[in-house]
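The structure appears right after this line, and notes come after that.
The values are calculated or read from the model by the stated rules, or taken from the named source; none is laboratory data. Only a predicted model underlies this, so the values are computations on that prediction, with no experimental measurement involved. Cβ coordinates were reconstructed from backbone atoms using ideal geometry, including for glycine residues, and neighbour counts include every protein chain displayed. Ligands, DNA and RNA are excluded from the accessible area calculation, which covers all protein heavy atoms including side chains. Shrake-Rupley method; radii C 1.70, N 1.55, O 1.52, S 1.80 Å.
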Amino acid sequence: MANRDSSIWWRKLGKKDYATIAVAAFTILSFALLVTFDHSSSSSSITAATTNNNNKVSNALVRLTLLPNAKLSGAVCLDGSSPGFHFQKGFGSGFDSWVLHIEGGGWCNSIESCSSRQLTALGSSEAMDHEVPFSGILSQVASENPDFFNWNKVKIRYCDGASLSGNPESEFQNETKLFFRGRLIWKVIIDELSTMGLANAKQALLSGCSAGGLATLIHCDDFSELFPRNANVKCLADAAFFLNEKDVSGNYTMRSFYFDVVHLQGVARSLHRDCVSKMEPYKCFFPQEIVKNIKTPVFLVNPAYDFWQIQHILAPDASDPYQNWQKCKRNIKNCNPHQLEVLQGFRDSLLSELSEFLQNKDSGVFINSCFIHCQTWMTNTWHSPHSPRVNNK
């Protein structure tokens, strides 16, 4: 299975293939991650998974691990609390394989929004659930997650508001008491996981959703450098290809927002040096610039009609004073012909931005037409009996 799938996953796409992807954008998700990882895991070896009364494997709750010693190195959430992650040990054929998933949750671009954020689980570990279920790409159920169910699985909690990329040099020395330590959080969590066996992994996949997917792209090469050359390491970014496009009123809302995030939290230091030497740092926070410098194999999963991007980049409230887009951006069935044409143009912009990325022989994409945002962490969209398939994948 591994050899058959690998030819699809990483092959270089030409014009004919690109056209196929454009057509496939009108299909919906199949979600089998066609990587060259070893797919030799079998459902008969699920000895570490819990079972319910019907003897069917179920997803158990996974405990939150906090890192109180991280404070010694300055790695803290927005409110100064300890960062953390959820870990489930691998077994059987997945004993020396790891999949990490960085949760999403947007960003904060001002003192006010970051102050509000630090009162939530996206800015404070004190507000985080102590136990969470692992589903989708982190599921321990073989039928739901046949490729990774018995791998070592990690959910990295996101509590800095800048895709794990903020730096303390940017902190305001006043009474706001906000900590911009995303880059340090990333380092201490990876260091801790390395002592738990990550450094010895033979296969490793770094993944993330939304803002966590952007963090995945930013740290992809750093992650890859942790392992020896013979390790099989890849990155998967889900719903992370945020576009630098005009909104329906002609303004660059997302560009302005990213400018504020990068400036407020000192993100420039975490971005690729070649990029920030050529253009303003906020532009290097957009994925279309990040992927130009990534050396590690990357796979992108993205809906062509990402409802978060439609609501916040294409038709944000500020650009829609008469609320003409309110119904459309909440349910695509409510869009009129003109709005559908605009949405089609937004989709075309995504495909256009991906054209250069697709020339990389170590890159791959799955673009579908679901009206959704983030798909890999949910069982229903990752791998379920009801998931639509393409070529049975």
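Miscellaneous remarks
- Any chance Lys292 is touching a helix residue (DSSP H, G or I) at 6+ places or on another chain (Cβ under 9 Å), within 14 Å of Phe241 (Cβ to Cβ) and either free of Cβ contacts under 8 Å to residues at least 12 places away in the same chain or basic (Lys, Arg) (or both): yes
- Taken together, the residues in the stretch 303-331 that are among the polar types (S, T, N, Q), within 19 Å of the chain's Cα centre (by Cα) and open to solvent by 20 Å² or more (accessible area, probe 1.4 Å) amount to 1.
- Test for Trp107: is it assigned to a loop (DSSP other than H, G, I, E, B), under 30 Å from Val365 (Cα atoms) and modelled with pLDDT of 95 or more: yes
- Flag for Ala162 being farther than 14 Å from Thr376 by Cβ, touching a helix residue (DSSP H, G or I) at 6+ places or on another chain (Cβ under 9 Å) and among the hydrophobic types (A, V, I, L, M, F, W, C): yes
- Long-range neighbours under 7 Å by Cβ, at least six apart or interchain, first residue part of a helix (DSSP H, G or I) within the stretch 185-203, second open to solvent by less than 40 Å² (accessible area, probe 1.4 Å) and charged (D, E, K, R): Ile185/Asp160
- Selection count, the stretch 248-264, where residues are surrounded by fewer than 20 Cβ atoms within 10 Å (Cβ to Cβ) and under 19 Å from Cys328 (Cβ atoms): 4
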